[in-house]
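Before any comments, here is the structure.
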Amino acid sequence: MDTNHINAMKIRHYTEQFLLDHFGEKADRIQVTYTPPFLIIHLKGFLLPSEKIFLERGQTEKVLETRDILIQSVKPTLLEEIQQFTEIPLVDLYADWNLHRQTGLLIIKMETGQASYPLPETVNKEALHEIVLMNSMRSQRKPDEINFYWLSHQILLVERIGILVDIEEQLLKNGLQEELRLAKLPLERRILSLFNLEAHLNRQIEDLFVDWDFSQDRSYMVFILAAQ
């Protein structure tokens, strides 16, 4: 298999072409972090002229819904194309966008054993766990499981398993997956305003992305941290 550097370069070039083909625009910057079991593709400077008009009119959800529908429709192709750059099977893809910052994140789950990515000694793990727990309980329920993945010096991924409440499961049965996702996003992002996360991470938080695998009752929350 190619080295991580070569894989990352090819994936970056492919993502650039993918955005151009399906959105009609390129991102100013694409950063790939290849740390099994996750492949993270971070986009900066990505906003279409038409989307900017909707944002100015306060129609953020319309843009998010359109992007989500597009990503879901091309997900199989996207995974198949990226698969050629790694021998590790790819399981699924998740995506989230911070439109006002013109950033986005693609999270690709890989089929491989869980490695150990311990948090740095400067991070207060107990406090971090308690904050994620409390934030989940404010809008959902106590997760059955919380896992932390320190994927790079700037990326912290938090996995939560078992968070859906009964009414959310019923909404999913009624086919309201996109509506549920859009309703949950602002609730999840309150973690930045309700808790002093940066003090416990000992780092400034530049961005936050969240997505769910509702069928598996699983959530991924990714913090992008400032460089030291």
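The values are calculated or read from the model by the stated rules, or taken from the named source; none is laboratory data. The structure displayed is predicted, hence computed values, not measured ones. Ideal geometry is used to build each Cβ from the backbone, glycine not excepted, and the neighbour counts take in all protein chains shown. For accessibility, only protein heavy atoms count, side chains too; no ligands or nucleic acids. Shrake-Rupley method; radii C 1.70, N 1.55, O 1.52, S 1.80 Å.
With a cap of 12 neighbouring Cβ atoms within 10 Å, and only residues DSSP puts in a loop, list the trypsin sites (Lys or Arg not before Pro) found in region 48-92.
Within region 48-92, the qualifying trypsin sites (Lys or Arg not before Pro) (loop, at most 12 other Cβ atoms within 10 Å) are Arg57.
If you average the alpha carbon positions of region 147-210 and of region 27-97, how far apart do those two centres end up, in angstrom?
Measuring centre to centre over Cα atoms gives 17 Å.
Charges at C-beta only: +1 for Lys and Arg, -1 for Asp and Glu. How large is the resulting dipole of the chain about its Cα centre, in Debye rounded to 20?
Charge dipole of the chain: 520 debye, to the nearest 20.
Principal axes first, then extents: for the Cα atoms of region 131-193, list largest minus smallest coordinate on each axis, whole Å, largest first.
For region 131-193, the Cα extents along the three principal axes come out at 41, 21, 21 Å.
In square angstrom, rounded to the nearest 10, how much accessible surface does Val91 have for a 1.4 Å probe?
Per-residue accessible area (Val91): approximately 80 Å².
From Cα coordinates alone, what are the radius of gyration and Dmax values for region 15-150 in angstrom?
Over region 15-150's Cα set, Rg and Dmax evaluate to 17.2, 46 Å.
Based on DSSP H assignment, which helices of the chain show an axial Cα extent of at least 15 Å together with a mean Kyte-Doolittle hydropathy greater than or equal to -0.5?
60-83, 125-139
Could you work out, for region 1-76, what percent of all Cα-Cα pairs fall into each 5 Å distance bin, beginning at 0 Å and stopping at the bin that holds the largest distance?
3, 14, 20, 24, 18, 11, 6, 3, 1, 0
So for the chain, what percent of the C-alpha to C-alpha distances run longer than 33 Å?
14 percent
Pick from Ile107, Ile69, Ile161: which residue has the top mean-square fluctuation in a GNM of the chain where Cα pairs under 10 Å get a spring?
So, out of Ile107, Ile69, Ile161, the one fluctuating most is Ile69.
Relative contact order for the chain: what is it in percent, counting Cα pairs under 8 Å that are at least 6 residues apart?
Result for the chain is 17 percent.
Calculate how large, on average over all directions, the projected area of the Cα convex hull of region 98-212 is; give the answer in nm² to one decimal.
Convex hull of Cα atoms, orientation-averaged projection: 8.2 nm².
Over region 111-158, average the accessible area per residue using a 1.4 Å probe and give it in Å², no decimals.
On a per-residue basis, region 111-158 sits at 55 Å².
Using only the C-alpha atoms of region 42-103, find the volume of their convex hull and express it per residue in Å³.
92 Å³
With a cap of 16 neighbouring Cβ atoms within 10 Å, and only residues DSSP puts in a loop, list the GluC sites (Glu not before Pro) found in region 112-208.
Glu121
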